[in-house]
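*Asks:* If you scroll down you'll find the structure; I have some questions about it.
The values are calculated or read from the model by the stated rules, or taken from the named source; none is laboratory data. Please read these numbers as outputs of a predicted model, since none were measured by experiment. Using ideal geometry, Cβ is built from the backbone for each residue, glycine included, and neighbour counts are taken over all protein chains shown.
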């Protein structure tokens, strides 16, 4: 299974696990990333499960009046007023039409994507001195803009992380609890 990049495999039939196995040092208790599949390291090929689920969750919260899509991001995360996100709305974030400069190049030394990878500890090894230690720290370093918010769709992974921070701050609940309560439990999962 390693050749096809499978980390875990489960066969479930009528509520019974018939087979369960793990590869590449993955263990049953490990949490797994739920991000986009990509044809190359720099070209995303599909929306990820994380983005889809978080979008659904945000819609549920908006419908319930718990989050206002027209509200400025800084209304929920005041720290963003000092970044390139100032003036952007939740809707801009949800639609991925932010004008913030984010270099999502996986193979460019020092790119935001390399910093993101290190912040979430995608790889073992030494940490780069001076780089953000968390995703939140990286977001707060994004101070430049390259276009007006809302002007152009641009798919960028870090915006999903930012939407997760907005949802958690608005509700005061961890994202995992919200997804469980408002999505999985509602469908009997």
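*Asks:* Go through (1) free of Cβ contacts under 8 Å to residues at least 12 places away in the same chain; (2) in contact with a helix residue (DSSP H, G or I) (Cβ under 8 Å, 6 or more places away or on another chain); (3) over 29 Å from residue 25 (Cβ atoms) for residue 127 and report which single condition fails.
*Replies:* Unmet condition: (3).
*Asks:* Can you name the number of the only condition in (1) surrounded by fewer than 17 Cβ atoms within 10 Å (Cβ to Cβ); (2) in a loop (DSSP other than H, G, I, E, B) that residue 184 fails?
*Replies:* (2)
*Asks:* Does residue 66 satisfy being in contact (Cβ under 8 Å) with a residue 24 or more places away in the chain and either in a loop (DSSP other than H, G, I, E, B) or more than 15 Å from the chain's Cα centre (by Cα) (or both)?
*Replies:* Spelling it out, residue 66 is indeed in contact (Cβ under 8 Å) with a residue 24 or more places away in the chain and either in a loop (DSSP other than H, G, I, E, B) or more than 15 Å from the chain's Cα centre (by Cα) (or both).
*Asks:* Does region 47-61 include one or more residues that are in a loop (DSSP other than H, G, I, E, B) and under 16 Å from the mean Cα position of the chain (by Cα)?
*Replies:* Here is the first cut: in region 47-61, the ones in a loop (DSSP other than H, G, I, E, B) are 47-48.
In the following step, the residues that additionally are under 16 Å from the mean Cα position of the chain (by Cα) were identified as 47-48.
Within region 47-61, one or more residues are in a loop (DSSP other than H, G, I, E, B) and under 16 Å from the mean Cα position of the chain (by Cα).
*Asks:* Could you check how many residues of region 105-119 are surrounded by fewer than 17 Cβ atoms within 10 Å (Cβ to Cβ) and touching a residue at least 24 places away in the same chain (Cβ under 8 Å)?
*Replies:* Filtering region 105-119 down to residues surrounded by fewer than 17 Cβ atoms within 10 Å (Cβ to Cβ) leaves 105-111, 117.
Imposing the further condition that a residue be touching a residue at least 24 places away in the same chain (Cβ under 8 Å) reduces the set to 105-107.
Within region 105-119, residues that are surrounded by fewer than 17 Cβ atoms within 10 Å (Cβ to Cβ) and touching a residue at least 24 places away in the same chain (Cβ under 8 Å) number 3.
*Asks:* Residues to consider are 103, 161, 124; find the one that is in a helix (DSSP H, G or I) and modelled with pLDDT under 95.
*Replies:* 161
*Asks:* Next question. What number of residues within region 77-100 satisfy the criterion of being assigned to a helix (DSSP H, G or I) and farther than 13 Å from residue 151 by Cα?
*Replies:* Selection size over region 77-100: 7.
*Asks:* Counting just the residues of region 20-77 that are on the phi > 0 side of the Ramachandran plot and modelled with pLDDT under 95, which one comes out surrounded by the fewest Cβ atoms within 10 Å (Cβ to Cβ)?
*Replies:* So the residue we want is 25.
*Asks:* Determine whether residue 169 is over 30 Å from residue 14 (Cα atoms) and assigned to a loop (DSSP other than H, G, I, E, B).
*Replies:* Considered against the rule, which asks whether it is over 30 Å from residue 14 (Cα atoms) and assigned to a loop (DSSP other than H, G, I, E, B), residue 169 comes out as no.
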